[in-house]
Amino acid sequence: MKLRLPFEVLFILHKLQQGGFTAFLVGGSVRDLIMQTVTNDQTTQALVTDYDFTTNAKPEEVQAIFPDSFYENEFGTVGVTHENLWEMLQKQYFQLPAQTIATLYQASIKKQQRPSLIDLSQASKIHESLLVPDQATQKNSTQPKPFEITTYRADGTYDDHRRPTSVIWGKSIEDDLKRRDFTINAMALNIKQTVLDDFFSQQVFPSHLELEQNQYNLVDPFDGLQDLARKEIIAVGEVDLRFKEDALRMLRAIRFSTQLAMTINPLTLDAIKEYAPSIKYISWERIQDEFFKILSSPLPKQGIELMDQVGLLEFIMPELLEGKEVEQGGHHNTDVWTHSLDSVDHCPSLDPVVRLATLLHDIGKPRTQKVIEGKITFYNHEIVGSRLAAKIAQRLRLSKKDSERLFILVRYHMFHYQPQNTDASIRRFMRKVGLENIDDILDLREADRLGSGARKTSWRLEEMKERIVEQLNQPMDVKDLAIDGHDLIEKLNLKPGKKIGEILDQLFEEVLENPQLNTPETLLEKAKQLV
C-alpha cells in the first residue's frame with residue numbers, strides 16, 4: 001500500500017528523528033491517508049490537511065526543535081503554525097516546493113464553494129456589504145489548523161466524563177494508542193529514518209513523497225485497518241470505559257459515521273444508548289462542534305436519526321422530537337419531523353448554520369398546529385420557530401452573528417413572491433433579510449421544496465432572483481443616502497442629537513420606496529419639512 005505524504009509532514013518527522021526521538025503520524029490523518037489510497041482518489045488529496053504527530057519527546061524538547069511553536073495546555077500538545085514552519089524551512093533550505101499544504105487547502109476550500117445563487121455579475125453596482133468579507137472568517141477559512149505534536153500519553157482516571165484527572169507521559173506508541181476512541185483512529189505511521197535522510201539530502205524537493213510499503217511502519221494494535229476496510233466504527237478496548245472516559249465520544253461516533261459513510265458496531269452502538277445521559281457532562285461548545293460537523297457531513301439526516309435512535313437527541317435538541325407524527329396536510333405528505341430531516345438532507349449549502357436553520361425552519365409547527373374547518377394550519381409558526389431557534393442558538397453557544405443569522409433564516413423562510421410585487425417590496429425583503437443572507441435563505445427555500453417532494457425551484461423563485469439582482473444597485477441602508485448627519489447640521493443649522501437620526505430614518509423609508517428621491521437637493525428639501 002503506497003502512501004503519499006506532503007513535504008511539511010516529512011520535515012516534522014525528520015526534525016524529530018534528527019533530535020534523537022521517535023516520531024509518528026497518528027490518528028485521523030493516518031485513517032484518511034489510507035482511505036485515499038484504497039479508493040485511489042487523488043482528488044481528495046487536498047482535503048487531508050489535518051496532520052497530528054506523537055513522539056517520545058517531552059513538550060519542552062519539541063519546542064527546542066521548533067522554537068516558534070506554542071504550548072498552552074496540560075496534555076503535552078505543542079502547536080506549530082504553517083507560517084512558522086515555513087519560516088523555519090526557508091532558513092534551512094533554498095529550493096522549496098511551490099505547492100504546500102496551505103495552498104492545497106485553499107484550493108480545496110475554493111473547490112467546495114458553490115457559485116452564488118444570485119449572479120452578482122449582473123448587477124451594475126454591488127452593495128458594500130457584499131464586497132467586504134469578514135476578515136476573521138476569511139483568514140480562518142483559508143488556513144488549515146496548526147500541526148499538533150503530542151508527547152506519548154497514558155491518561156489517568158476520568159471522574160467527570162470529560163477529561164482525565166491526570167496525564168502522565170506514556171512509554172511507547174502502544175501506550176498512546178490504547179487511550180484513543182475508535183480503532184480507525186488508533187493507528188500510527190512511522191517513516192524509516194534512512195528514507196527521510198535521503199529525501200532531505202536532495203537539492204530540489206517535490207511537494208510530496210510517495211512511500212512504498214517497505215519504507216514505513218504502520219502500528220495497528222487494534223486492527224483499525226481491518227475495521228476501516230469493513231467500514232465499521234468500533235471503540236478501542238473496553239467499550240464502556242471509552243464512553244465513561246469522555247462522553248463526547250458518543251457524538252463523535254455518529255459524526256464519523258456520517259462523514260465517512262460507515263456503520264457503528266452493534267456493541268459500540270449499545271454502549272452509546274446506555275451512556276447517552278452522560279452527554280450532559282459535556283460543555284455545549286464541544287457538543288456544538290461535533291453537531292455542526294454532523295450537519296455539514298454528506299449524511300446529516302442519518303446523523304440526526306442516529307442521535308434519536310441512541311437517545312442523544314432528547315438531551316441536545318428535544319424540540320425537534322416534537323415534530324414526530326405532527327401531520328401537515330396541503331402539499332406535504334410527511335410529518336414535520338420527517339420533512340425537517342429530508343430538508344436538511346437536501347440543503348445545498350455546507351454552512352452548518354444554514355443547515356441548522358433548515359433543520360429548524362418548521363420547529364414552531366407542533367406548537368401552532370390547529371385544525372380550522374377541517375384544514376390543518378400553522379399560523380405564525382415562523383415567529384414561534386424563530387424564538388425557539390434563538391433559544392437553541394443560546395444553548396449551543398453560537399456567536400452573536402451566527403445566532404442572528406439563524407433567527408433571520410427561520411423567521412423569514414416563509415417569504416412569498418408574486419409578479420405584481422413592487423420593486424420597493426423586493427428591496428424591503430432584501431433589507432429585512434440582509435444582503436449577506438440572501439443566498440442562505442434561498443438555499444433554505446430550495447431544501448424546503450425538495451424536502452417536500454417538490455422541484456428545487458419554480459419560475460416565481462427564478463424571477464424573484466432576477467429582480468433581487470436588479471435592485472442591488474439601490475440604497476439599502478441609511479448610510480447609502482446622498483446626505484448624512486453632517487449635511488443636516490451644516491445646511492439646516494440643526495444641533496447634533498437624536499433628532500438627526502430620526503430624520504435620516506424617515507428619509508431612508510421614502511428613498512426605499514422611491515430611489516429617485518436619493519439626491520442631496522431632494523433630501524434636504526424633504527428634511528426641511530420634517531424639522
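Structure above, values below:
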quantity: Label point distance in nm, GLN506-GLU327, each placed 7 Å from Cα along Cα→Cβ; calculated: 5.4 nm
quantity: Förster-model FRET efficiency, 30 Å R0, GLU238 and GLN309, C-beta, rounded to 0.05; calculated: 0.85
quantity: Under-5 Å amide H pairs with PHE182, H placed in peptide plane, nonlocal only; calculated: VAL236
quantity: Convex hull of Cα atoms in the stretch 231-316, direction-averaged projection (nm²); calculated: 4.8 nm²
quantity: Calculated log₁₀ intensity ratio I(q)/I(0) where the Debye formula runs over C-alpha points of the stretch 478-530, q = 0.18, 0.20 Å⁻¹; calculated: -0.47, -0.59
quantity: Shape category assigned to the stretch 384-531 from the gyration tensor of Cα positions, a/c cut at 1.5; calculated: oblate
quantity: Expected 222 nm ellipticity per residue - DSSP helices of 4 or more, -39500 (n - 2.57), all of the chain, to 500; calculated: -14500 deg cm²/dmol
quantity: Sorted by Cβ neighbour density within 10 Å, fewest at the top, the residues GLU470, GLU212; calculated: GLU212, GLU470
quantity: Cα-based helix-to-principal-axis angle, 400-411 vs the chain, degrees rounded to 10; calculated: 60 degrees
quantity: Dipole magnitude of the chain, debye to nearest 20 (Cβ charges: Lys/Arg +1, Asp/Glu -1, about Cα centre); calculated: 680 debye
quantity: Gain upon complete extension [SER201, ALA154; 0.36 nm per residue less C-alpha separation]; calculated: 13.3 nm
quantity: Å³ per residue enclosed by the Cα convex hull of the stretch 287-405; calculated: 99 Å³
quantity: All Cα pairs of the chain, percent lying beyond 40 Å; calculated: 38 percent
quantity: Cα-Cα P(r), the stretch 164-306, percent of pairs per 10 Å interval; calculated: 10, 32, 30, 18, 8, 1
quantity: ARG387, ARG252 arranged by Cβ crowding within 10 Å, fewest neighbours leading; calculated: ARG387, ARG252
quantity: Listed residue (ASN493, GLY170, LEU481) projecting farthest to the positive dipole end of the chain, Cβ model; calculated: ASN493
quantity: Cα long-axis angle, helix 266-275 against the chain (0 to 90 degrees, to the nearest 10); calculated: 60 degrees
quantity: Chymotrypsin sites (Phe, Trp or Tyr not before Pro) within the stretch 287-379: DSSP coil, no more than 15 neighbouring Cβ in 10 Å; calculated: TYR379
quantity: Per-residue HN-Hα couplings for the stretch 253-264 [Karplus 6.51, -1.76, 1.60; θ = phi - 60°; Hz; x = Gly/Pro]; calculated: 4, 5, 4, 5, 4, 7, 6, 9, 6, 10, 9, 9
quantity: Cα coordinate range in the stretch 49-111, projected on the principal axes (Å, largest first); calculated: 37, 29, 18
quantity: The chain: relative contact order in percent, alpha carbon pairs under 8 Å with at least 6 residues between; calculated: 12 percent
quantity: Kirkwood-type radius of the stretch 319-470, with distances r between different C-alpha atoms, in Å; calculated: 15.8 Å
quantity: Nonlocal amide H pairs with VAL48, under 5 Å, H built at 1.01 Å; calculated: none
quantity: Where labels lie 7 Å past Cα in the beta-carbon direction, separation of ARG460 and GLN259 in nm; calculated: 4.1 nm
quantity: Förster radius 51 Å - calculated FRET efficiency between ALA98 and ASN473, Cβ distance, rounded to 0.05; calculated: 0.80
quantity: Relative contact order (%) - the stretch 426-531, alpha-carbon pairs under 8 angstrom, separation at least six; calculated: 27 percent
quantity: For the stretch 385-447, convex hull of alpha carbons as volume per residue, Å³; calculated: 86 Å³
quantity: Whole-Hz couplings from phi, Karplus 6.51/-1.76/1.60, listed for the stretch 441-449; x for Gly and Pro; calculated: 6, 6, 4, 5, 4, 4, 5, 4, 5
quantity: Label-zone membership for the stretch 15-39, site GLN193, 7 angstrom Cα→C-beta point, backbone N under 18 Å; calculated: 15-25
quantity: Long-range HN-HN contacts of ILE233 with modeled amide H, under 5 Å; calculated: THR263, ILE264, ASN265
quantity: Per-peptide average of other Cβ atoms within 10 Å, ordering 65-72, 255-262, 86-93 highest first; calculated: 255-262, 65-72, 86-93
quantity: log₁₀ of I(q)/I(0) at q = 0.24, 0.25 Å⁻¹ - the stretch 317-382, Debye sum with one point per alpha carbon; calculated: -1.04, -1.10
quantity: Ranked MET414, MET307, criterion: other C-beta atoms within 10 Å, fewest first; calculated: MET414, MET307
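None of the figures in this text is laboratory data; all of them are computed from the coordinates on show. Every value quoted in this text rests on a predicted model; they were computed, and no experiment measured them. Note that we place each Cβ from the backbone using ideal geometry, even for glycine, and neighbour counts take in every protein chain shown.
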